[in-house]
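The values are calculated or read from the model by the stated rules, or taken from the named source; none is laboratory data. Keep in mind that this is a model prediction, so the values were computed, not measured. Please note: Cβ atoms are built from the backbone with ideal geometry, for glycine as well, and neighbour counts cover all protein chains shown.
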Amino acid sequence: MQVVVGLAIVLFVVLPIALLFGPWWPFGMGSLVALAMAYPTVIYLANHNIIFTFVEQGWFRIVLKAGKFHRIIKPGFHVIGIPGIHTLHSRKMSFLKAVVKEDGAVEAKVHEDEGVNSFKSTRYPYAVPFKDVEDKNGLHMHGLVIVKARMRRPRVSFFSESDWYASMNMEVMPRLRNALDEVSYAEAVGSTEATEETEEAARRRMKDVVNTLLNEAMNARGDDGLSSIEKILKLCGLDISSIDLASIDPPDNWRNITLAPYEAEQKAKAAKHQAEASATLLDDTNQALEAWKKVHPKASQEQIDEKQRELARRAYLKAGGQYQEVHGLENAGTVVIGGGGGGAGVLLGGQNSGGRRKNTGEKNGTGSDLGDLESP
């Protein structure tokens, strides 16, 4: 309808004035009158994208010729072309954009417009939200990645790729998953007793690490010689200027899900490690005694017992001066060197004539103040 109105104004108002009255007006005043009437007509047509059009700064438009891509027009006044043959490309724009809330937090908001025929040429903060992406310990994280990009190759974005926004997401998300798979939120926080300030500091550190890993992955070149950022430009027409992890958070009940089991696992690993170290220490001590006996084959039992006590004292000092009794072995006069709080350590002691042996300094029997070394 707008095309019809515009053509009617040109054909039945502007041209008749110029043709009929122009020759009779002195000094070409008829042409000036016609021009004066044509000017608002052209403005009207341009505002309605009929024959002419305006493109604002920071935007561009696409001209189609008989339905095919013809050219891109930049900011300024332009002639579209012949009505019915040359038209402006119009499409639905749907994606998620990053917006800042009143409290300063960043969130993803749906941007959806029908029949858009003018497109941004400036950088734009596209939002890539994620949910249930697992970290190294399997904790489901959620958050938001902001991709700042501008549409550099519109012909590729609109006519070679059916959904440029989805294609961009498909390049970003796998790299984000790989980055999160290398870090652990529970390890960053460290304890169920962590304060809110401690947890917030840990979250910031983790965000910085993941952001660095993500950017490294996006810029790393693959087997085809292209990085993910270069692929997005080639396949989607988007020129990415920055990628930033805006937020990363665990589920609300993450402490019960992950941190408590994580602490138990770490304690079990520490106890196992200490037990293995203590077993090695015990084995080394027994081997040292056997080696000493070979060098001193004529040593008396009293000398062997004294050497055994000396090695026991060395083991005690090497284990950090800690020991604890082993329940169930009371009659063997056994203690555990280096057990600490984990309950694992070097076994020392053995059967003696005095019954149960404690660290009392008594000398009766074959035991010492630390007991006799047991064979493993």
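Selection within segment 80-92: residues that are at pLDDT 90 or above and surrounded by 13 or more Cβ atoms within 10 Å (Cβ to Cβ). The member of this set that is nearest to Cys236 (Cα to Cα) is Arg91. Selection of segment 36-61 for residues being loosely packed, with under 14 Cβ neighbours inside 10 Å and either in contact with a strand residue (DSSP E or B) (Cβ under 7 Å, 6 or more places away or on another chain) or not β-branched (Val, Ile, Thr) (or both) yields Ala36, Tyr39, Pro40, Asn47, Glu56, Gln57, Gly58. So which residues in segment 35-67 are assigned to a loop (DSSP other than H, G, I, E, B), farther than 23 Å from Phe159 by Cα and among the polar types (S, T, N, Q)? Of everything in segment 35-67, just one residue is assigned to a loop (DSSP other than H, G, I, E, B), farther than 23 Å from Phe159 by Cα and among the polar types (S, T, N, Q), namely Gln57.
Give segment 170-184 a look and list any residue that's farther than 12 Å from Val145 by Cβ and in contact (Cβ under 8 Å) with a residue 24 or more places away in the chain, or say none. Listed by number, the residues that qualify are Asn178, Asp181, Glu182, Val183, Ser184. Scanning segment 225-275 for residues that are among the acidic types (Asp, Glu), under 19 Å from the mean Cα position of the chain (by Cα) and at pLDDT 90 or above turns up just one, Asp244. Looking for something touching a Pro at 6+ places or on another chain (Cβ under 6 Å) and surrounded by 15 or more Cβ atoms within 10 Å (Cβ to Cβ) - is there at least one such residue anywhere in segment 113-127? Among the residues of segment 113-127, not one is touching a Pro at 6+ places or on another chain (Cβ under 6 Å) and surrounded by 15 or more Cβ atoms within 10 Å (Cβ to Cβ), which makes the answer no.
Only one of the numbered conditions (1) surrounded by fewer than 19 Cβ atoms within 10 Å (Cβ to Cβ); (2) in contact (Cβ under 8 Å) with a residue 60 or more places away in the chain; (3) small (Gly, Ala, Ser) is not met by Ala246, and that is (1). If we scan segment 62-70, do we find a residue that is loosely packed, with under 14 Cβ neighbours inside 10 Å, modelled with pLDDT of 90 or more and assigned by TED's automatic domain parsing to the domain that holds Tyr185? No, because not a single residue in segment 62-70 is loosely packed, with under 14 Cβ neighbours inside 10 Å, modelled with pLDDT of 90 or more and assigned by TED's automatic domain parsing to the domain that holds Tyr185. Being basic (Lys, Arg), touching a residue at least 12 places away in the same chain (Cβ under 8 Å) and closer than 23 Å to Lys234 by Cβ is the requirement here; does Arg152 meet it? So Arg152 passes the test.
Here's the yes/no breakdown for (1) in contact with a Ser or Thr (Cβ under 6 Å, 6 or more places away or on another chain); (2) in a helix (DSSP H, G or I); (3) under 20 Å from Ser227 (Cβ atoms):
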| site | (1), (2), (3) |
| --- | --- |
| Lys109 | no, no, no |
| Glu114 | no, no, no |
| His142 | no, no, no |
| Arg155 | no, yes, no |
| Tyr165 | no, yes, yes |
| Leu176 | no, yes, yes |
